[in-house]
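Trainee: I'd like to ask some things about the structure below.
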Amino acid sequence: MHRVGSAGNTANSTRPRKEKRLTYVLSDADDTKHCAGINCLAVLKASVSGCDYLFTGSRDGTLKRWALAEDAATCPATFESHVDWVNDAVLAGDNTLVSCSSDTTLKTWNCLSDGTCTRTLRQHSDYVTCLAAAEKNSNVVASGGLGGEVFVWDLEAALTPVSKSGDSMEDDSSNVVNGSGNALPITSLRTISSSNSISVHTTQSHGYVPVPAKGHKESVYALAMNDSGSLLVSGGTEKVVRVWDPRTGSKTMKLRGHTDNIRALLLDSTGRYCLSGSSDSMIRLWDLGQQRCVHSYAVHTDSVWALASTPTFSHVYSGGRDLSLYLTDLATRESLLLCTGEHPILQLALHDDSIWAATTDSSVHRWPAEGRNPQKIIQRGGAFLAGNLSFSRARVSLEGSTLVPVYKEPIFTIPGTPGIVQHEILNNRRHVLTKDTAGSVKLWEITRGVVIEDYGKVTFEEKKEELFEMVSIPAWFTVDTRLGSLSVHLDTPQCFSAEMYSVDLNIVGKPEDDKVNLARETLKGLLAHWLAKRKQRFGVQASANGDAPSGKEVTTRSITHSRIEVDSNTENDSMVYPPFEFSTASPPSVITEGSQGGPWRKKITDLDGTEDEKDFPWWCLDCVLNNRLPPRENTKCSFYLHPCEGSAVQILTQGKLSAPRILRIHKVVNYVIEKMVLDKPLDSANPDTTLAPGVAGGPVQLSAIGDGSFRSGLKPWQKLKPSIEILCNNQVLSPEMSLATVRAYIWKKSEDLILNYRVVQGR
């Protein structure tokens, strides 16, 4: 599994390191819907009046709060800060939501807020897969992950605000109260500290360290805690259920019996009985007092991934990879198929007389469950006796008949939007073709973050071939669809390798031969809101270092870091050109990190202008604020220009020529014509400097071909110009082709390009 966002680096590292990346996540859909599978659910019951809430955590990296009415659900809040899949979420007390993610962090949220993250907790070294909370002790939460680590958190201690003299602390919130009760304007994921940024593996923010439960040698996938928080069980790829004292982190017992990964665990309120669901397709009931398995239930035909029990622990609801939801009476072993869906079930949450099911789809379904009296459903008939051996499947003896689900349709569905599952970056390096789970094929313009064409349900491969263009532009970004939407990654210096002429981008009012750096303009478009907010705060001289708007910090840092080019061809302005204007209706989110605090994610319209070098990569700020680009690979193309064999026309260009890679062939035609008609004698003796001003012995810089002398309209000789064709490998070139395209698709060799010219007769 690949990580979105780069790992945190310490600020003072002298070792050469990969620069931090900036990613932006595109959305063309309704922001109130998830666009990837739902990994977790939590129900918050209304205390007195008011409505119940459902919390959902998704593979799209966000959590949402749903206000539940009789037959409706609205989404008043999206919780956005994780930079990878949200894997689990639990409620601790009435107003704290705790989530964990593949980004290796836990985050705490004020669950009834508009999406405020109150703290980011870093202790895990790998993906955090599961959480457990104590029903009657809202202070205790346990977390487990792929590193085999299990930690028990004292939330009160972990969330205690620190006084200004305190140690490092991390915060996402813009309204956290400090020790003296004053609101601190803290920016996203900032570490307030003079020391290095927090290491992922060592100390927790402001010195708090959770209790480690050490013993797992492999990945942990499931946790459960009893009501008082005095007992913790864990399971994973080691196929055993481990029992811990969460107060000390000490092991109390190990229960063997499953033959594959343990994926789901439940404890009854007292901590006497434990239920486990496994990839071996079995559900087991353990008596922890007797330290043994007292029952096993062969209900499913594939991995069991989700369990939910009635309050009295008399019945269990189970779901998993076989797409089916079952109800089983733990005492009589009677089992009933409640429903079958189209997607594997990942988590279940009982809610009064119904049950919510989260699946690998972006929608959430609510099914009838008779949670207060499940026996009512079993009494209707259709039950089978669960065997006690894997795959014995007592149901097979039901006259060979297939089971009929009790319910055909859910009571209610909270719809999601289809996630993107396939993508192709087109050769023009501005468009990406995508296909989603519903089969719709769309064309995105990534420099504006919008869908420019929705082709509906067509064949992806055919559409890709149809849109093929013979153009060669450097790969200045990469894309993935891990979060169900397009994540566009910018890495320096590669991202600054692509340029286009303003005329090809249809930028009105800009000289058509001006070169436009695609990444620079995209960054300006993405951060336009941030820049405007920044100017409001700090005035026009807003530089990278918010506290001292002189810009010295970034300047010094970047110059010592590497040789910097100032992009002299573009004015140092913050004007955003139309091909780079991002939508504010469905704005993209930025995922990145600066010198402190680790990776974060926010909508571009939620940036408040206080974010600086601690939050953004320095190269990104240097580009947007100081108009500077890092040194890039050579953007020139060297070539030779010779007459075609047998051609009577010759011009003096025996030497090697050099021009921008994006130069069009019609400029080369103009150059040949100018040489022919004006026929300037050249007296230089060196064949490689036939066209001064070149560096002696080096390739000639063709400003005549390039961006300079063709800006001023028609010259007198152009009125009587002959027709010229340019060829490569005996193929006539289209005047609109660039040198890079000719080199990639027609020349196809590593050595310098050779172009030939000839006069077209009879025109």
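The values are calculated or read from the model by the stated rules, or taken from the named source; none is laboratory data. From a predicted model like this one, the values you see are computed outputs, not experimental measurements. We place every Cβ from the backbone using ideal geometry, glycine too, and count neighbours over all the protein chains shown. Note: areas computed on protein heavy atoms with side chains; ligands, DNA, RNA excluded. Shrake-Rupley method; radii C 1.70, N 1.55, O 1.52, S 1.80 Å.
Trainee: Report, in debye and to the nearest 20, how large the dipole of the stretch 31-99 comes out about its Cα centre when Lys and Arg carry +1 and Asp and Glu carry -1 on their Cβ. If you can, show how the numbers build up before the last one.
Mentor: Details: 5 positive and 9 negative charges, 7 e Å.
For this selection, approximately 40 debye.
Trainee: Taking H as built 1.01 Å from N, whose amide H comes closer than 5 Å to the amide H of Asp52, not counting residues under 5 places away?
Mentor: When sequence neighbours closer than 5 places are left aside, the close amide H contacts are Ala46, Leu68.
Trainee: So, one more: Kindly flag which residue pairs out of Lys64/Lys442; Lys464/Lys749; Lys20/Lys217; Lys376/Lys408 have an alpha-carbon separation exceeding 24 Å in this structure.
Mentor: In this structure, Lys64/Lys442; Lys464/Lys749; Lys20/Lys217 exceed 24 Å between Cα atoms.
Trainee: Could you tell me the calculated FRET efficiency between Cys644 and Asp30, based on Cβ-Cβ distance and R0 = 60 angstrom, to the nearest 0.05? If you can, show how the numbers build up before the last one.
Mentor: Working: r = 59 Å, r/R0 = 0.99.
Computed FRET efficiency for Cys644 and Asp30: 0.50.
Trainee: On to the next question. In the stretch 631-675, whose amide N lies under 17 Å from the spot 7 Å out along Cα-to-Cβ of Ser750? List them in ranges.
Mentor: In the stretch 631-675, the label zone of Ser750 (backbone N under 17 Å from the point 7 Å along Cα→Cβ) covers 634, 638.
Trainee: Residue by residue through the stretch 239-249, what is 3J(HN,Hα) from phi via Karplus (6.51 cos²θ - 1.76 cosθ + 1.60, θ = phi - 60°)? Round to whole Hz and write x for glycine and proline.
Mentor: After applying 6.51 cos²θ - 1.76 cosθ + 1.60, I find 6, 10, 8, 9, 10, 10, 9, x, 6, 10, x Hz.
Trainee: Here is a follow-up. By per-residue mean of other Cβ atoms within 10 Å, what is the highest-first order of 441-452, 460-471?
Mentor: Ranked from most to least packed, the peptides come out as 441-452, 460-471.
Trainee: Same structure, new question: Leaving out ligands, DNA and RNA but keeping every protein chain, what accessible area does Met676 have, in Å² rounded to the nearest 10, with a 1.4 Å probe?
Mentor: Answer for Met676: close to 50 Å² accessible.
Trainee: With only alpha-carbon atoms in the gyration tensor, what are the semi-axes of the equivalent ellipsoid for the stretch 76-149, in Å, largest first?
Mentor: Ellipsoid semi-axes (Å, largest first): 19, 16, 9.
Trainee: Now, a different point. Calculate, for the stretch 235-364, the solvent-accessible area per residue in square angstrom, rolling a 1.4 angstrom probe over the heavy atoms of the protein chains.
Mentor: 33 Å²
Trainee: Which ³J(HN,Hα) values, rounded to whole Hz and listed in residue order, are derived for the stretch 56-72 from phi using the Karplus coefficients 6.51, -1.76 and 1.60 in 6.51 cos²θ - 1.76 cosθ + 1.60 with θ = phi - 60°, glycine and proline given as x?
Mentor: 3J(HN,Hα) across the stretch 56-72, in whole Hz: 10, x, 10, 5, 7, x, 10, 10, 9, 10, 10, 8, 9, 10, 3, 10, 8.
Trainee: So, one more: Pull up all non-local amide H partners of Ile724: gap of 5 or more, or a different chain, and H-to-H distance under 5 Å with H placed in the peptide plane.
Mentor: Those lying under 5 Å, H to H, from Ile724 are Val760.
Trainee: Right, next: For Lys510, go through the aspartates and glutamates and keep the ones whose alpha-carbon is under 19 Å away, minus same-chain ones fewer than eight residues off.
Mentor: Glu499, Glu521, Asp567, Glu571, Asp573, Glu581, Asp707
Trainee: Hey, could you get me the Stokes-Einstein D for the stretch 278-347, Kirkwood radius over alpha-carbon pairs, 20 °C and 1.002 mPa s, rounded to whole µm² s⁻¹? Each step should come with its number before you reach the end.
Mentor: Details: Rh = 12.3 Å.
So the translational diffusion coefficient is about 175 µm²/s.
Trainee: Could you give me the radius of gyration and the Dmax of the stretch 413-550, taking only the C-alpha atoms into account and expressing both in angstrom?
Mentor: Spelled out, the Cα radius of gyration and Dmax of the stretch 413-550 are 18.1, 55 Å.
Trainee: Could you list the residues of the stretch 290-304 with an amide nitrogen less than 20 Å from a label point located 7 Å from the Cα of Leu389 in the Cα-to-C-beta direction?
Mentor: In the stretch 290-304, the label zone of Leu389 (backbone N under 20 Å from the point 7 Å along Cα→Cβ) covers 293-303.
Trainee: When the Karplus curve 6.51 cos²θ - 1.76 cosθ + 1.60 is applied with θ = phi - 60°, which whole-Hz ³J(HN,Hα) does each residue of the stretch 74-91 get, with x for Gly and Pro?
Mentor: 10, 10, x, 8, 10, 9, 10, 6, 4, 10, 8, 3, 8, 9, 7, 8, 9, 9
Trainee: A further question follows. For the peptides 124-132, 531-539, what is the packing order when you average, over each peptide's residues, the other Cβ atoms within 10 Å and list the highest mean first?
Mentor: 124-132, 531-539
Trainee: Remind me, relative contact order of the stretch 15-152 in percent, using alpha carbon pairs under 8 angstrom and six or more residues apart?
Mentor: Details: 322 pairs, mean separation 20.8, N = 138.
Taking the mean separation of contacting Cα pairs over the length of the stretch 15-152, I get 15 percent.
Trainee: Using amide H atoms built in the peptide plane, which far-off residues or other-chain residues are under 5 Å from Val421 H to H?
Mentor: Placed amide hydrogens put Lys435, Asp436, Thr437 under 5 Å from Val421.
Trainee: Can I get the semi-axes of the stretch 328-462's equivalent ellipsoid? Compute them from the C-alpha gyration tensor as square roots of 5 times the eigenvalues, in angstrom, largest first. Working shown, then result.
Mentor: Values: eigenvalues 383, 61, 28 Å².
Values for the stretch 328-462, descending: 44, 18, 12 Å.
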